[in-house]
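What follows is a set of notes on a single structure, which appears directly below.
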Amino acid sequence: MNRPFYEDDLDPRKGKEIPVSKVYDIIGSKATVRRMLRKTPEVMVKITSNAKDMKALKRMVDYIARLDSASANSGKEVLEIEDEQGNVFIGPDAREDALSTWQGIPKSDGSRREAFHIVFTMPEGTPPHPVREAVKELAEVEFQRFQYLFTRHDDTPQPHVHLVVNANPIRGKRRLSPGRKDLQRWRETFAENLRGHGVEANATPRAARLVTTYSVSSAQLHKQKREAAGTEINNRRKANVVNVDAMKGRLKAVYTAYMGMAKELSEGNSDDRKLSADIMQWLSSLGREQSVERGTERAL
């Protein structure tokens, strides 16, 4: 083994950055694995869009505050939006008031990503208020150098929070340019904050769950609907069959790491031995010969 498995969760806010490329760090701590095996709800964090100028940013803010025409016509309630200083805006002038101090964004015809729209989601049945508080606490840490706005939407069974953040810092020079590691760190912090509010949540990467299906984005879904010429598309999850050989190799490496973890734990205390047995039972249930090409949910 390269190193012992951590007993407790890695705290992403203490400078412990998890290299996504390392299978042992993909698996994470024993606490994370225990939660995964007992099917603890997984958080979702997704960058849904970006704005390259103020025109696009205003449309983005109108959407999250329910000020856009589509929301207005549907009769949905206009929502409060809160900024990084705790100021709350609501009503027809909310967007103009909230964005009046935003810096560094061109009025029109922008050429780079000036703002990001990020959505934090929990599964159906999660109490909404802790979701909002968990995102607020995350934003105070992750985006402390940036201007941002956020609000909670309750229009679906899955409670979710929309956050719009300015890529131009108010302190320092480094712009916001999120990548895969950032998204995973946000997931881990979001889950940790939820647990701090008494909500069970986990943030294991797809690879750690040996998952090979990927959600289709909203844009892709709409494109599929247009191409289907009116045919209803119900399945938003499709197998990612791009570079199947690479996927199989990655999943095999993670599977092997779990086998090593189970072997190490089998020599530990009673709790470790129980976790070892649970890991082996889970791996056995997956079926090692499932095919990625057939679009199965888990494969090796």
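Only a single item in (1) modelled with pLDDT under 85; (2) β-branched (Val, Ile, Thr); (3) within 28 Å of residue 142 (Cα to Cα) is not met by residue 199, and it is number (1). Taking the residues in segment 53-102 that are more than 24 Å from the chain's Cα centre (by Cα), of a type in the set (Gly, Ala, Ser) and open to solvent by less than 30 Å² (accessible area, probe 1.4 Å) as candidates, determine which candidate is modelled with the highest pLDDT. Restricting to residues being more than 24 Å from the chain's Cα centre (by Cα), of a type in the set (Gly, Ala, Ser) and open to solvent by less than 30 Å² (accessible area, probe 1.4 Å), the top hit is 98. Scanning segment 134-156 for residues that are open to solvent by 40 Å² or more (accessible area, probe 1.4 Å), more than 17 Å from residue 46 (Cα to Cα) and modelled with pLDDT of 95 or more turns up 137, 140, 141, 144, 145.
Among residues of segment 104-123 that are buried (at least 20 other Cβ atoms within 10 Å of the Cβ), those with a beta-carbon under 6 Å from a residue that is among the acidic types (Asp, Glu) at least six positions away or on a different chain give the pairs 105/114.
Select from segment 178-213 the residues that are in a helix (DSSP H, G or I) and open to solvent by 30 Å² or more (accessible area, probe 1.4 Å) and list them in ascending order. Once the filter is applied, which keeps residues that are in a helix (DSSP H, G or I) and open to solvent by 30 Å² or more (accessible area, probe 1.4 Å), segment 178-213 yields 180, 181, 182, 183, 185, 188, 192, 195, 196, 209. Could you please let me know if residue 137 is without any contact (Cβ under 8 Å) to a residue 60 or more places away in the chain and closer than 19 Å to residue 190 by Cα? Yes. Among the conditions (1) modelled with pLDDT of 90 or more; (2) touching a Gly at 6+ places or on another chain (Cβ under 9 Å); (3) of a type outside the set (Lys, Arg), residue 205 misses just one, which is (1).
Scanning segment 25-54 for residues that are in a helix (DSSP H, G or I) and of a type in the set (A, V, I, L, M, F, W, C) returns 26, 27, 31, 33, 36, 37, 54.
Looking only at residues in segment 239-272 that are open to solvent by 70 Å² or more (accessible area, probe 1.4 Å), in a helix (DSSP H, G or I) and at pLDDT 90 or above, the one that is farthest from residue 27 (Cα to Cα) is 270. Restricting segment 21-39 to residues that are under 16 Å from residue 256 (Cβ atoms) and surrounded by fewer than 16 Cβ atoms within 10 Å (Cβ to Cβ) leaves a set whose member that is modelled with the highest pLDDT is 22.
Within segment 170-213, restricting attention to residues that are closer than 25 Å to residue 286 by Cα and hydroxyl-bearing (Ser, Thr, Tyr), the residue that is nearest to the chain's Cα centre (by Cα) is 204.
The values are calculated or read from the model by the stated rules, or taken from the named source; none is laboratory data. Keep in mind the model is a prediction, meaning the values are calculated, not measured. Backbone-built Cβ (ideal geometry, glycine too); neighbour counts: all protein chains shown. With ligands, DNA and RNA removed, areas are computed over all heavy atoms of the protein, side chains included. Shrake-Rupley method; radii C 1.70, N 1.55, O 1.52, S 1.80 Å.
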